[in-house]
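What follows is a short report on a single structure.
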Amino acid sequence: MIRFDNVTKTYPKQNRPALDNVSLEIEKGEFVFLVGSSGSGKSTFLRLILREERPSTGEVHVLGKDLAKLSNWKVPHMRRQLGTVFQDFRLLPNKTVGQNVAFALEVIGKPRGTIKKVVPEVLELVGLAGKQDRMPGELSGGEQQRVAIARAFVNRPMLLIADEPTGNLDPQNSVGIMKLLDRINRTGTTVLMATHDQAIVDQMRKRVIELDQGHLVRDQSRGVYGYQH
Amino acid sequence: MRAQFVMAEIWIGLRRNLTMTIAVIVSVALSLSLVGAAMLLNSQVNQMKGYWGDKVEVSIYFCNKSDQKDVKTTPNCASGEATQAQIDTVHGQLDKNPLVQKVYTETPDQAVVNFKKQFPDSPLAPYVTASSFNNSLRVKLTNPALYQEVASQVEGQPGVAKVDDQSAVLKPLFNLMNTAQWVALAIMVIMFGVTLLLIVNTVRVSAFSRKRETGIMRLVGASNFYVQMPFIAEAAFAAAVGAVLASGMIAVGKYVLIDMVLKKQITLISFIGWGPVISVMPLLVVIGVGMSALAAVLTLQKYLKV
């Protein structure tokens, strides 16, 4: 699903690499936490998978493809097989909940009939049945994140990438989001989640990958957050 | 669905960026109307060249009775009116000259008829008689530029009062029009530059104000074409509106300047009709839309990366 082979990424005008010789593999259907303090290289790791950045050296394989060999115009097709969720939700404030989810389908040219059918289904899956016509501003943070997850999942991606999805939520809402991600993972979708949320990592007991100053310092199945500290 | 969605996005973009859109429309309209004016000026010059090219270029006037009294200006006519033999001699020489394409004769009687036909409204028309005119030959040259060689052959011959190069009269007019064409071209280039900068800036602002949308589009895997199309279409739409305005401006300009003013004041020149004006219009739309879409594409290469 995802394979990093000796990946190093150094940004221009920076001495220390953001990622330093990282090798690892994530299998299909796994649920993986990516932990580490700020500046540890988590974001770079995710950006490399989304091909928003290219490695300085080493190879990144996503969904069986070597991203270095993927031509620019094929990148959008690759991204259609990934779902992405962020801490700040990234919803369009002037579109309704339904339109926000539909937007993801409209911009890749899905026919109207499909959109009409799929959007309510996925909203029901994330627990927002009946809220299709509400505006994002009328929803709680937890509900907004559910909209973002619905948008990420509406294409039934093979891989869901979540960058601190609970970072802006209270513990109760965070638990709800984690239950949802767990359910999505059970449908066969691989989930990779970067997080600072110790309680969640400790509770879920999934694989934990820890980065520190660009180095891979821990890769532990059924791990907890604060193992080394 | 897709088309409807894209149209909605374009409309949102144009409305959000209204002041810039208006600026683009106005500046496209101005630069394209200059393009149109330059093109029409060119076809006017060509038409005049064709019109005058078909006419006689050199006129040879023979002495008449009145010239005999006016020896100062026409010393050659001291011996009186030119005889038919003198006229025939000159005619014969011109016929043999390889530079001469054709020679027409115009008797004073014909001259009266021609004058009345050409200037029917002239207050002089009723008073014009055959005695006001000279016998003359009208010569068409193979190459109008070699006028001097033909003139020198004929000048000073017995009975020849005066040789006129008609194209010399028109030369300043052609020079003026050529200069006007260059000035229009220069202003056009500057306006094009300003317009392009404005389009680039507008597209940039537009792309920036929709960063959130385009960011999400990229995340969910919209193709580059899909992400960029609304911006390109916006620029093209503004340019199309500008081109239509420019077409209107040159139509009004032609009507006011040529039909209302120049045509009434200058009867000697044949002015362009509506044909060239109408054929320039679709060209303006193509140039405007193409230029602005191209500017948008190049701008987006820089500001909307994959």
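The values are calculated or read from the model by the stated rules, or taken from the named source; none is laboratory data. Remember, it's a predicted structure, so these values are computed and weren't measured experimentally. Neighbour counts are summed over all protein chains in view; Cβ atoms, including those assigned to glycine, are modelled from backbone coordinates with ideal geometry.
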| request: Return the only residue of A:Glu25, A:Glu52 being in a loop (DSSP other than H, G, I, E, B) and not hydroxyl-bearing (Ser, Thr, Tyr). | output: A:Glu52
| field | Residues that are more than 14 Å from chain B (Cβ to nearest Cβ), surrounded by 18 or more Cβ atoms within 10 Å (Cβ to Cβ) and within 23 Å of A:Leu82 (Cβ to Cβ), drawn from the stretch A:103-141 | value | A:Leu123, A:Leu125, A:Val126, A:Leu128
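Taking the options B:Asn76, B:Asn97, name whichever one is modelled with pLDDT under 75 and surrounded by 14 or more Cβ atoms within 10 Å (Cβ to Cβ). Please lay out each step first, then the result.
Numbers: B:Asn97 fails: modelled with pLDDT under 75.
The conditions single out B:Asn76.
Can you say whether A:Gly58 is touching a residue at least 12 places away in the same chain (Cβ under 8 Å), small (Gly, Ala, Ser) and within 23 Å of A:Thr189 (Cβ to Cβ), as far as the supplied structure shows? Even if it seems obvious, please write down each step before you answer.
Values: touching a residue at least 12 places away in the same chain (Cβ under 8 Å): yes; small (Gly, Ala, Ser): yes; within 23 Å of A:Thr189 (Cβ to Cβ): no.
No: the conditions fail for A:Gly58.
Name the single residue, out of those in the stretch B:12-66 being of a type in the set (Ser, Thr, Tyr) and either within 21 Å of B:Ala295 (Cβ to Cβ) or touching a His at 6+ places or on another chain (Cβ under 8 Å) (or both), that is modelled with the highest pLDDT.
Our first condition is that a residue be of a type in the set (Ser, Thr, Tyr); within the stretch B:12-66, this holds for B:19, B:21, B:27, B:31, B:33, B:43, B:51, B:59, B:61, B:66.
Add one more test, that the residue is either within 21 Å of B:Ala295 (Cβ to Cβ) or touching a His at 6+ places or on another chain (Cβ under 8 Å) (or both), and what stays is B:19, B:21, B:27, B:31, B:33.
Details: B:Thr19: 84, B:Thr21: 86, B:Ser27: 87, B:Ser31: 87, B:Ser33: 90.
Filtering the stretch B:12-66 for residues that are of a type in the set (Ser, Thr, Tyr) and either within 21 Å of B:Ala295 (Cβ to Cβ) or touching a His at 6+ places or on another chain (Cβ under 8 Å) (or both), the one modelled with the highest pLDDT comes out as B:Ser33.
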| said: Among the residues of the stretch A:159-171, are any in contact with a helix residue (DSSP H, G or I) (Cβ under 9 Å, 6 or more places away or on another chain), in a helix (DSSP H, G or I) and either within 14 Å of chain B (Cβ to nearest Cβ) or under 26 Å from A:Gly36 (Cβ atoms) (or both)? | reply: yes
| Just for the stretch A:2-32: of the residues that are surrounded by 15 or more Cβ atoms within 10 Å (Cβ to Cβ) and acidic (Asp, Glu), which one is farthest from A:Phe45 (Cα to Cα)? | A:Glu30
| remark: Over the stretch A:142-156, the set of residues more than 14 Å from A:Arg183 (Cα to Cα) and more than 9 Å from chain B (Cβ to nearest Cβ) is A:Gly142, A:Glu143, A:Gln144, A:Gln145, A:Val147, A:Ala148
| Can you pull out the residues in the stretch A:85-126 that are within 16 Å of B:Thr214 (Cβ to Cβ) and in contact with a Leu (Cβ under 6 Å, 6 or more places away or on another chain)? | A:Asn100
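I'd like to check something: does the stretch A:37-55 contain any residue that is among the charged types (D, E, K, R) and farther than 22 Å from A:Gly214 by Cα?
So in the stretch A:37-55, the residues among the charged types (D, E, K, R) come out as A:42, A:47, A:51-54.
The next check asks that each one be farther than 22 Å from A:Gly214 by Cα; those that pass are none.
The answer is no; no qualifying residue exists.
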| said: What's the number of the only condition in (1) in a helix (DSSP H, G or I); (2) surrounded by 17 or more Cβ atoms within 10 Å (Cβ to Cβ); (3) within 14 Å of another protein chain (Cβ to nearest Cβ) that B:Gly215 fails to meet? | reply: (2)
| message | Suppose we filter A:Leu216, A:Leu211 for residues that are buried (at least 17 other Cβ atoms within 10 Å of the Cβ), touching a helix residue (DSSP H, G or I) at 6+ places or on another chain (Cβ under 8 Å), in contact (Cβ under 8 Å) with a residue 12 or more places away in the chain and of a type in the set (A, V, I, L, M); which single one remains? | response | A:Leu211
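Select, from B:Leu245, B:Leu283, B:Leu197, the only residue that is more than 14 Å from every other protein chain (Cβ to nearest Cβ) and loosely packed, with under 13 Cβ neighbours inside 10 Å.
Values: B:Leu245 fails: loosely packed, with under 13 Cβ neighbours inside 10 Å; B:Leu283 fails: loosely packed, with under 13 Cβ neighbours inside 10 Å.
Of B:Leu245, B:Leu283, B:Leu197, the one residue that is more than 14 Å from every other protein chain (Cβ to nearest Cβ) and loosely packed, with under 13 Cβ neighbours inside 10 Å is B:Leu197.
For residues that are buried (at least 23 other Cβ atoms within 10 Å of the Cβ) and touching a Ser or Thr at 6+ places or on another chain (Cβ under 7 Å), scanning just the stretch B:220-235, find the one that is farthest from the other protein chains (Cβ to nearest Cβ).
Only one residue tops the list, namely B:Ala235.
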| task | Could you look through the stretch A:65-96, keep only residues that are of a type in the set (Gly, Ala, Ser) and over 29 Å from A:Val126 (Cα atoms), and pick out the one that is nearest to the chain's Cα centre (by Cα)? | result | A:Ala68
| query | Could we say that A:Ala194 is within 14 Å of chain B (Cβ to nearest Cβ) and surrounded by 15 or more Cβ atoms within 10 Å (Cβ to Cβ) here? | reply | no
| said: Within the stretch A:55-99, take every residue that is outside any helix (DSSP H, G or I) and of a type in the set (Phe, Trp, Tyr) and give me the one that is nearest to the other protein chains (Cβ to nearest Cβ). | reply: A:Phe86
| message | With the requirement that a residue be crowded, with 20+ Cβ neighbours inside 10 Å and hydroxyl-bearing (Ser, Thr, Tyr), what does the stretch A:47-85 give you? | response | A:Thr84
